[in-house]
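These notes concern the structure reproduced below.
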Amino acid sequence: MSNEHIEPKDDEETDVAASLDPKIAHHSTYIDETKRILRTYVDCESYEELERRVVEENILNKNTDEYRTNILREVTRRHIPDKEEYTETPLMKIMSADVQSDVTDWCLYYEFAQDPFIHLVTLDFLYPEFERGTLSVQATDIVTFIESIQEDYADLRDRSESTINEAATKYLTALRNYGLLEGTQRKEFAVTYVPDETVAYVVYRLFQKGAKSASDVIEHDDWKLFLMNESEVQRRVRDISPQYVSYEKRGSTERLITKHDSIEDLIDAF
């Protein structure tokens, strides 16, 4: 597996930080629809054919062409990198693999949470609240957090109060739909168990995204998306060794080697 990684320059980091559009939190999570669309796309390997099946054949069983088109557009924006040329992403492969539904659900959540808005709110607000021992969060808590960072992000600066309120509500609904939170008005942290296969998937994705060493993987912020701290990550990575990785920690020496050459080979081994 290639671990080539190019560090962004300071100005590139600023550009990324400036792009924080809350629009993803305004849409439904479309969990079941996303699975169906990605599985269909893998089956037909053609975006044109996928569009025909979604809109004309109504494989999603939705009432109007407009609604079907909107769902397809949203799933495409999140998970289909190129409409012109078929490219099978790791998420598409896991969706079409014969694995347990909780594995696909947590992998789907991981990719969903790569959205900059979801990623930032989860890492900078939700995870610290969880670590602090907070039992529940409300939309007003998210609104207060967003308002505290609003001036730092161009995409948030001019957003109306109603837009921020809606984004906060939809953010909490999304994380409830994925199983990280539970409850109605007041969302409580759910007791969750991320399957070994999903842990392995994330490890391989982190190497794919540029991690070079065991510490790069173990200390990566992405684990906070699952509300995992570093010691829990170490324990879970140890759980998947030696089946999917080889992991050893002795004193200050830490070693993590993938057992498969690619994430595609990993998924085949599930």
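The values are calculated or read from the model by the stated rules, or taken from the named source; none is laboratory data. Remember, it's a predicted structure, so these values are computed and weren't measured experimentally. Reconstructed Cβ throughout: ideal geometry from the backbone, glycine too, with neighbour counts over all protein chains shown. The accessibility values were calculated without ligands, DNA or RNA, using every heavy atom of the protein model including side chains. Shrake-Rupley method; radii C 1.70, N 1.55, O 1.52, S 1.80 Å.
So, in the stretch 147-165, how many residues would count as being of a type in the set (D, E, K, R) and buried (at least 17 other Cβ atoms within 10 Å of the Cβ)?
The number of residues fulfilling the criteria is 1.
With respect to the numbered conditions (1) open to solvent by 10 Å² or more (accessible area, probe 1.4 Å); (2) within 26 Å of A97 (Cα to Cα); (3) part of a helix (DSSP H, G or I); (4) in contact (Cβ under 8 Å) with a residue 24 or more places away in the chain, which one is the sole condition not fulfilled by T169?
Going through the list (1) open to solvent by 10 Å² or more (accessible area, probe 1.4 Å); (2) within 26 Å of A97 (Cα to Cα); (3) part of a helix (DSSP H, G or I); (4) in contact (Cβ under 8 Å) with a residue 24 or more places away in the chain, T169 breaks only (2).
Note down all Cβ pairs under 6 Å where the first residue falls in the stretch 82-111 and is without any contact (Cβ under 8 Å) to a residue 40 or more places away in the chain, the second is among the aliphatic types (A, V, I, L, M) and open to solvent by less than 60 Å² (accessible area, probe 1.4 Å), and they're at least six residues apart or on different chains.
E111/L91
For F130, work out the one condition from (1) closer than 23 Å to T184 by Cα; (2) touching a His at 6+ places or on another chain (Cβ under 9 Å) it doesn't fulfil.
Of everything listed in (1) closer than 23 Å to T184 by Cα; (2) touching a His at 6+ places or on another chain (Cβ under 9 Å), F130 misses just condition (2).
Would you tally the residues in the stretch 90-117 being hydroxyl-bearing (S, T, Y) and open to solvent by 30 Å² or more (accessible area, probe 1.4 Å)?
Total satisfying the criteria: 2.
Write out, first by first residue and then by second, each pair whose Cβ atoms fall under 7 Å of each other, whose residues are 6+ apart or on separate chains, and whose first residue, in the stretch 207-232, is at positive phi while the second is modelled with pLDDT of 95 or more and in a loop (DSSP other than H, G, I, E, B).
Here the result reads L227/L180, each pair linking the stretch 207-232 to a residue that is modelled with pLDDT of 95 or more and in a loop (DSSP other than H, G, I, E, B).
What about D222, is it more than 20 Å from the chain's Cα centre (by Cα), under 30 Å from T134 (Cα atoms) and in the same structural domain as V203 (by the TED database)?
The answer is no for D222.
Can you tell me which residue within the stretch 118-140, out of those that are in a helix (DSSP H, G or I) and among the β-branched types (V, I, T), is surrounded by the most Cβ atoms within 10 Å (Cβ to Cβ)?
Within the stretch 118-140, the match that is surrounded by the most Cβ atoms within 10 Å (Cβ to Cβ) is V121.
Cβ contacts < 7 Å: first residue under 16 Å from Y30 (Cβ atoms), restricted to the stretch 51-70; second residue part of a helix (DSSP H, G or I) and open to solvent by 90 Å² or more (accessible area, probe 1.4 Å), any location; separation 6+ or different chain. Result?
The qualifying pairs are I59/R36; L60/R36.
Filter the stretch 101-117 down to the residues that are over 19 Å from E182 (Cα atoms) and outside any helix (DSSP H, G or I) and list them by number.
Correct list: Q114, D115.
Run D221 past the list (1) modelled with pLDDT of 95 or more; (2) open to solvent by 50 Å² or more (accessible area, probe 1.4 Å); (3) out of contact with any Leu (no Cβ under 6 Å at 6 or more places or on another chain) and report the number of the one that doesn't hold.
Single failed check for D221: (3).
What number of residues within the stretch 72-89 satisfy the criterion of being open to solvent by 30 Å² or more (accessible area, probe 1.4 Å) and either closer than 19 Å to N177 by Cα or of a type in the set (A, V, I, L, M) (or both)?
1
Do the conditions hold for D124, that is, is it at pLDDT below 95 and more than 15 Å from the chain's Cα centre (by Cα)?
no
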